[in-house]
């Protein structure tokens with residue numbers, strides 16, 4: 001069975017800048033796949049290539065085995081979504097806009113307008129011009145527009161950006177609900193919490209390169225093995241702890257890298273040295289920390305960075 | 001492009017919309033925009049202002065324009081004077097106003113990505129837009145001529161018209177020739193629209209495309225006024241702006257009409273081909 005998304009070696013250059021640098025992505029059916037990276041990392045450019053809006057300089061993407069470069073919009077059957085903010089005609093009403101895109105979809109899309117408006121909770125504002133819509137309403141109209149295609153794969157580019165907290169919560173609930181219906185979702189985001197909450201697999205991208213691709217829990221687990229230590233004498237404790245693993249200062253204490261055995265030995269050593277332990281807890285790196293270590297790390301080589309992070 | 005179903009892939013769309021769906025919606029979009037009505041409004045207002053000016057001043061007339069000396073004799077002269085008056089500036093401007101916007105408007109609104117990720121091919125979108133721009137051009141032109149004809153006829157009567165050859169023709173033939181002359185003038189206007197569409201596609205900026213289209217129109221008129229370049233005249237777009245007058249001669253002077261047809265095609269078809277190529281190949285960014 002062809003994967004909903006299979007991209008191999010995607011490259012897009014703008015002059016001297018390589019916006020997307022040999023990106024490989026595989027999104028399997030049923031995934032809620034997080035495409036995570038800071039602004040300007042190349043997320044949107046990748047999505048544009050997947051949707052056939054721009055041509056890759058190298059590599060190819062296939063959606064359910066169909067290449068948008070070769071098949072044009074025929075490769076988008078069963079695929080919907082938007083890049084950057086969804087855009088509509090400001091001088092037409094929400095419903096008219098949906099009627100327009102449905103007419104360009106054919107295949108019964110027009111019959112789904114009412115339902116789509118209900119799903120995104122816009123039915124009562126559908127008669128108003130989009131020009132008067134708030135940012136959040138436009139985002140929701142974008143989702144409604146995507147649903148008209150009865151998609152099996154949804155590509156969403158930072159769908160919660162610019163929404164207020166309630167809007168974000170509702171949007172995430174909506175994405176979870178759509179994923180629950182069996183729609184494969186590629187969610188691009190720079191919000192760690194969002195990806196942790198919604199996604200089971202992630203690709204982390206920085207400066208156009210994929211720094212990590214795989215299961216989210218594996219990524220987080222790979223960064224285990226760090227302990228937070230609070231004592232009555234942090235300076236002396238740091239000296240002792242350095243014999244057992246790498247030590248770093250954090251506000252109000254230290255972190256020590258090590259496994260269970262070395263931490264047990266460290267606690268005994270601290271006790272013998274007369275340093276009181278007020279707290280010694282395993283600390284799981286959050287996705288945010290992993291992300292920042294990967295995307296801001298000093299190493300110029302992405303894969304090398306991954307090893308550092310995994311360590 | 002294989003017709004073989006890919007396992008697990010969503011079913012192929014069975015009924016795919018095409019140029020007609022795009023065209024219908026392009027017309028609806030035009031009808032929802034102010035710009036359209038500014039153009040259409042000017043096309044209706046100018047003949048009315050002309051008629052009012054004639055009524056206010058009981059003796060003078062636009063004697064320097066074709067049919068100018070007959071405006072008070074028959075209503076049929078009014079649309080023809082208006083056509084001769086609007087042919088070089090007003091009507092190209094109104095045409096450029098919409099043609100120059102038809103693609104650039106999508107760039108401005110960021111909506112190209114919205115319509116290009118549905119089920120219509122890019123060339124469908126382009127063809128629908130080009131047809132809509134041409135439809136608007138024809139609509140504006142016939143509104144312009146029509147309102148002048150109705151206003152002129154109501155005031156000065158639908159009396160026989162003196163042709164440019166000095167012969168008299170009855171009302172029925174005058175109506176027929178006015179319609180035919182307008183259709184003949186639609187040829188250079190279509191070329192102007194095609195240039196507008198090209199600049200709209202290339203510049204992605206509505207104002208630049210509208211002004212650019214007018215600059216092209218002015219440029220060919222300047223070349224036409226240089227006597228050293230008289231040899232070029234028959235092939236200039238501006239020369240075709242009054243080719244329609246051949247229809248209003250007896251016998252009909254087909255030479256300028258036939259030349260207008262192929263000269264205008266020489267402008268319009270490459271412009272549309274270039275625009276289509278650019279539209280098909282472009283990266284849709286922004287928005």
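The values are calculated or read from the model by the stated rules, or taken from the named source; none is laboratory data. These numbers were taken from a predicted model, which means no experiment stands behind them. We place every Cβ from the backbone using ideal geometry, glycine too, and count neighbours over all the protein chains shown.
Some notes on this structure:
- When the range A:106-124 is filtered for residues that are farther than 11 Å from residue A:148 by Cβ, touching a helix residue (DSSP H, G or I) at 6+ places or on another chain (Cβ under 6 Å) and outside any loop (DSSP other than H, G, I, E, B), only A:123 remains.
- Screening the candidates A:167, A:206 for the property of being surrounded by fewer than 19 Cβ atoms within 10 Å (Cβ to Cβ), outside the structural domain of residue A:265 (by TED's automatic domain parsing) and in contact with a helix residue (DSSP H, G or I) (Cβ under 6 Å, 6 or more places away or on another chain) yields one hit, A:167.
- When residues of the range A:260-292 are limited to those that are surrounded by 15 or more Cβ atoms within 10 Å (Cβ to Cβ) and touching a residue at least 60 places away in the same chain (Cβ under 8 Å), the one nearest to residue A:228 (Cα to Cα): A:285
- Selection within the range A:44-59 - more than 8 Å from chain B (Cβ to nearest Cβ) and at positive phi: A:59
- Residue match in the range B:168-175 (condition: over 30 Å from residue A:107 (Cα atoms), in a helix (DSSP H, G or I) and over 25 Å from the mean Cα position of the chain (by Cα)): yes
- When B:278, B:231, B:207 are checked against the criterion of being assigned to a helix (DSSP H, G or I), within 14 Å of chain A (Cβ to nearest Cβ) and surrounded by fewer than 16 Cβ atoms within 10 Å (Cβ to Cβ), B:278 stands alone in meeting it.
- Residue within the range A:60-73 that is more than 10 Å from chain B (Cβ to nearest Cβ), touching a strand residue (DSSP E or B) at 6+ places or on another chain (Cβ under 9 Å) and crowded, with 22+ Cβ neighbours inside 10 Å present: yes
- Residue in the range A:40-55 that is assigned by TED's automatic domain parsing to the domain that holds residue A:189 and over 16 Å from residue A:157 (Cα atoms) present: yes
- Among residues that are part of a helix (DSSP H, G or I) and surrounded by fewer than 20 Cβ atoms within 10 Å (Cβ to Cβ), residue B:72 is not included.
- The sole residue among B:223, B:218 that is closer than 22 Å to residue B:86 by Cα, over 21 Å from the mean Cα position of the chain (by Cα) and in a helix (DSSP H, G or I) is B:223.
- Only one of B:40, B:30 that is surrounded by 18 or more Cβ atoms within 10 Å (Cβ to Cβ), away from every other protein chain (no Cβ under 14 Å), modelled with pLDDT of 95 or more and under 22 Å from residue B:147 (Cβ atoms): B:40
- Filter result (over 24 Å from residue A:145 (Cβ atoms) and either within 13 Å of chain A (Cβ to nearest Cβ) or surrounded by fewer than 24 Cβ atoms within 10 Å (Cβ to Cβ) (or both)) within the range B:94-129: B:97
- When residue A:240 is tested against the conditions (1) in contact (Cβ under 8 Å) with a residue 12 or more places away in the chain; (2) crowded, with 16+ Cβ neighbours inside 10 Å; (3) in contact with a strand residue (DSSP E or B) (Cβ under 9 Å, 6 or more places away or on another chain); (4) over 30 Å from residue A:182 (Cβ atoms), the lone failure is (3).
- Residue within the range A:100-123 that is within 14 Å of another protein chain (Cβ to nearest Cβ), under 19 Å from the mean Cα position of the chain (by Cα) and without any contact (Cβ under 8 Å) to a residue 60 or more places away in the chain present: no
- Unique match (being crowded, with 17+ Cβ neighbours inside 10 Å and part of a helix (DSSP H, G or I)) among A:211, A:178, A:186: A:178
- Breaking point among (1) touching a helix residue (DSSP H, G or I) at 6+ places or on another chain (Cβ under 8 Å); (2) away from chain B (no Cβ under 11 Å); (3) farther than 18 Å from residue B:122 by Cβ; (4) not in a loop (DSSP other than H, G, I, E, B), for residue A:12: (2)
- Any chance residue A:131 is surrounded by fewer than 19 Cβ atoms within 10 Å (Cβ to Cβ), at positive phi, more than 28 Å from the chain's Cα centre (by Cα) and within 11 Å of chain B (Cβ to nearest Cβ): no
- Every listed requirement among (1) in contact (Cβ under 8 Å) with a residue 60 or more places away in the chain; (2) buried (at least 18 other Cβ atoms within 10 Å of the Cβ); (3) not in a loop (DSSP other than H, G, I, E, B) is met by residue B:55 save one, (2).
- Considering the range A:148-162, and only residues there that are surrounded by 20 or more Cβ atoms within 10 Å (Cβ to Cβ) and more than 13 Å from chain B (Cβ to nearest Cβ), the residue that is farthest from residue A:51 (Cα to Cα) turns out to be A:160.
- Evaluated against (1) at the interface with another protein chain (Cβ under 8 Å from one of its Cβ atoms); (2) modelled with pLDDT of 95 or more, residue A:77 falls short on exactly one condition, (2).
- Test for residue A:92: is it within 22 Å of residue B:107 (Cβ to Cβ), within 14 Å of chain B (Cβ to nearest Cβ) and surrounded by fewer than 21 Cβ atoms within 10 Å (Cβ to Cβ): yes
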